[in-house]
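Undergrad: Here it is: the structure, laid out below.
Laboratory data are not the source of any read-out in this text; all were calculated from the coordinates shown. These numbers come from a predicted model, not from an experiment. Don't worry about glycine lacking a Cβ; one is built from the backbone with ideal geometry, like all the others, and counts go over all protein chains shown.
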Amino acid sequence: MISLQDIGEGLTSVRDSVEIGTSGVKVYRLQNSFDARGSLAIADFSQFHPFYPKRIFYIFNVPEGENRGGHAHKECKQFLICLGGECAVEVINGTESYEIQLDSPLFGLSLPPMTWSTQFNFTYNSTLLVLASDAYLESDYIRDFNDFLIATQITH
């Protein structure tokens, strides 16, 4: 399993990213500030990310052993930040598969379209923020893994 914090430590600028394999999945460092009053992390999409969010949601209170996600999007891009606690994300692009540990609120994980994503191993009180490039549209979802594999073979 790849630690988001470990892979992101080499990033020195909010404009830098690290691609995981050839999947199109990228890790970005968020701008941050620390002082005696606490910490502040900023996701300034005008500076470093290829889309402006049109939908924002967060996942929390996930019971032990439960998974979230388990689908892909045809067009929608997503950006995941674990605000508190930790969780793991399995990403599959049809030819490669990676498990990434979201273990720091200072890094975000960018998921391109046609990436199968499942979130799991949520720790107690973890909160996963998801920023999406598009509004909810059921027809954008691929919810059957075999259909996803067929679609990725067509697009590769």
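Undergrad: Work out Dmax and Rg for the stretch 1-85 from the C-alpha atoms and quote the Rg first, both in angstrom.
TA: 14.6, 44
Undergrad: Let me ask something else about it. Distance in nm between label sites at F60 and Y136, each 7 Å beyond Cα in the beta-carbon direction?
TA: 1.8 nm
Undergrad: Taking one equal scatterer on every alpha-carbon of the stretch 56-132, how large is log10 of I(q)/I(0) by Debye at q = 0.17 1/Å?
TA: -0.58
Undergrad: Another question, if that's okay. If you average 1/r across every pair of different Cα atoms in the chain and take the reciprocal, what Kirkwood value do you get, in Å?
TA: Working: mean 1/r = 0.0628 Å⁻¹.
The Cα-based Kirkwood calculation yields 15.9 Å.
Undergrad: Among the chymotrypsin sites (Phe, Trp or Tyr not before Pro) in the stretch 1-109, which ones are in a DSSP loop with at most 11 other Cβ atoms within 10 Å of the Cβ? Mind listing them? Please list the in-between numbers first.
TA: Working: sites: Y28, F34, F45, F48, F51, F57, Y58, F60, F79, Y98, F107; in loops: F51.
For chymotrypsin sites (Phe, Trp or Tyr not before Pro) across the stretch 1-109 that sit outside H, G, I, E and B with at most 11 neighbouring Cβ atoms in 10 Å, the list is empty.
Undergrad: Starting with the fewest neighbours, write out S3, S39 ranked by other beta-carbon atoms found within 10 Å of each beta-carbon. Don't skip to the answer; put the middle values down first.
TA: On the way: S3 15, S39 10.
With the sparsest Cβ surroundings first, the list reads S39, S3.
Undergrad: Let me ask another. Between helix 145-155 and the chain, what is the angle of the helix's C-alpha long axis to the longest principal axis, kept within 0 to 90° and rounded to the nearest 10?
TA: Helix 145-155 sits roughly 90 degrees off the main axis of the chain.
Undergrad: For R37 and L149 in one chain, what is 0.36 nm times their gap in residues minus the Cα-Cα distance, to one decimal in nm? The partial results should precede the final answer.
TA: Working: separation 112, 0.36 × 112 = 40.32 nm, distance 4.82 nm.
Taking 0.36 nm per residue and subtracting the Cα distance, the gain is 35.5 nm.
Undergrad: In what order do R37, R143 fall by count of nearby beta-carbon atoms within 10 Å, going from fewest to most? Walk me through the numbers before you get to the answer.
TA: Numbers: R37 7, R143 10.
With the sparsest Cβ surroundings first, the list reads R37, R143.
Undergrad: For S97 and I7, what does the FRET efficiency come to when R0 = 22 Å and r is the distance between their Cβ atoms, rounded to the nearest 0.05? Spell out each step's value before the answer.
TA: Numbers: r = 16 Å, r/R0 = 0.73.
So the FRET efficiency works out to roughly 0.85.
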